[in-house]
Amino acid sequence: VQLQASGGGLVQAGGSLRLSCAASGRTFGDYRTTAWFRQAPGREREFVAAFSWSDPTRYTDSVKGRFTISRDSAKNTVYLQMNSLKSEDTAVYYCAVGRPITSMIMRSSAYYYWGQGTLVTVSS
């Protein structure tokens, strides 16, 4: 599968962006879990959100209530709606797919395929 992330950009604090991750070659349904991760300059890649066929949707605590992960099967695209953005949300955002066991859903090492990343910059 090839994953193409898009939608990043420069936004002021308090604003919104919607990231997209389009899949080609295979569908998101071929993988148990689809996730978004992010990596800020000088920091390790961190989990943001994920949904699985057999587990509840998950969000990292810092984005709960502000970010929403969703899927459009007809378009074979996954979205990350980001509202009330903060400067600390600035990072390169990556989508990924895999078949992690429940305890590994938040671990980047559990995912097989990754998109190229899209940069989100939040100005304060």
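Loop-located GluC sites (Glu not before Pro) across the range 1-103 with a Cβ neighbour count of 13 or fewer within 10 Å are E44, with loop assigned by DSSP. Taken per residue, the accessible surface of the chain reaches 50 Å², heavy atoms only and a 1.4 Å probe.
Modelled spin labels at T102 and S16, positioned 7 Å past Cα toward Cβ, are 3.3 nm from each other. The residue among A110, A40, S124 whose Cα reaches farthest toward the positive pole of the charge dipole of the chain, with charges on the beta-carbon of Lys, Arg, Asp and Glu, is A110. Ligands, DNA and RNA aside, M106 has an accessible area near 90 Å² when probed at 1.4 Å. Considering only G98, G42, G15, the Gaussian network model of the chain with Cα springs below 10 Å gives its largest mean-square fluctuation to G42. Annotation for E44 and D72: the two label points, set 7 Å from Cα along the Cα-Cβ direction, are 3.5 nm apart. When only the Cβ of Lys, Arg, Asp and Glu is charged (+1, +1, -1, -1), the dipole of the range 27-103 relative to its Cα centre reaches about 60 debye. Measuring only protein heavy atoms, the 1.4 Å probe finds S103 accessible over about 90 Å². Projecting label points 7 angstrom from Cα along Cα→Cβ for L119 and D61 puts them 3.1 nm apart.
All Cα-Cα separations within the chain were binned at 5 Å from zero, giving a P(r) of 2, 12, 24, 26, 20, 11, 4, 1, each value a whole percent of the pairs. If a spin label sat at a point 7 angstrom from the Cα of Q2 along the line to its beta carbon, the backbone N atoms of the range 91-121 nearer than 17 Å would be those of 95-97, 113-118.
The values are calculated or read from the model by the stated rules, or taken from the named source; none is laboratory data. It should be emphasised that the depicted structure is a prediction, and the values quoted were computed from it without experimental measurement. Positions of Cβ are generated from backbone atoms using ideal geometry, with glycine treated the same way; all protein chains shown enter the neighbour counts. Only protein heavy atoms, including side chains, enter the accessible area calculation; ligands, DNA and RNA are left aside. Shrake-Rupley method; radii C 1.70, N 1.55, O 1.52, S 1.80 Å.
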